[in-house]
Amino acid sequence: MSAANKRTITIRLKKGTIACPPAQRATVNGLGLKRREQVRTLENTSAVRGMIKKVLHLVEVVSETR
């Protein structure tokens with residue numbers, strides 16, 4: 001895949017991680033999200049999708065390119 005064809009996914013942290021188990025907090029940190037309402041654009045890979053699925057109640061998928 002070329003750089004112009006790269007698949008990306010944009011996520012936003014909609015809830016804080018203060019009351020989350022340490023594993024979920026580590027997953028959110030692994031996605032690069034540090035504070036509420038922060039938005040990150042990541043490469044759309046199966047590893048990133050699995051991380052999002054684990055904390056879907058904390059994050060929101062804003063957009064996705066194919």
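Rule-based calculations on the coordinates, nothing more; no lab input. A quick note: this is a predicted structure, and the numbers were derived from the prediction, not measured. Quick reminder, even Gly has a Cβ in these numbers, built from the backbone with ideal geometry, and neighbours come from all protein chains shown.
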In the stretch 8-26, anything of a type in the set (S, T, Y) and either assigned to a helix (DSSP H, G or I) or over 16 Å from V61 (Cα atoms) (or both) is listed as T17
Out of all the residues in the stretch 27-60, which are in a helix (DSSP H, G or I) and either exposed (fewer than 12 other Cβ atoms within 10 Å of the Cβ) or among the hydroxyl-bearing types (S, T, Y) (or both)?
T27, N29, S46, A47, G50, K53
Test E64 against the stated conditions and say whether it is exposed (fewer than 13 other Cβ atoms within 10 Å of the Cβ), of a type outside the set (V, I, T), out of contact with any Gly (no Cβ under 8 Å at 6 or more places or on another chain) and touching a residue at least 40 places away in the same chain (Cβ under 8 Å).
yes
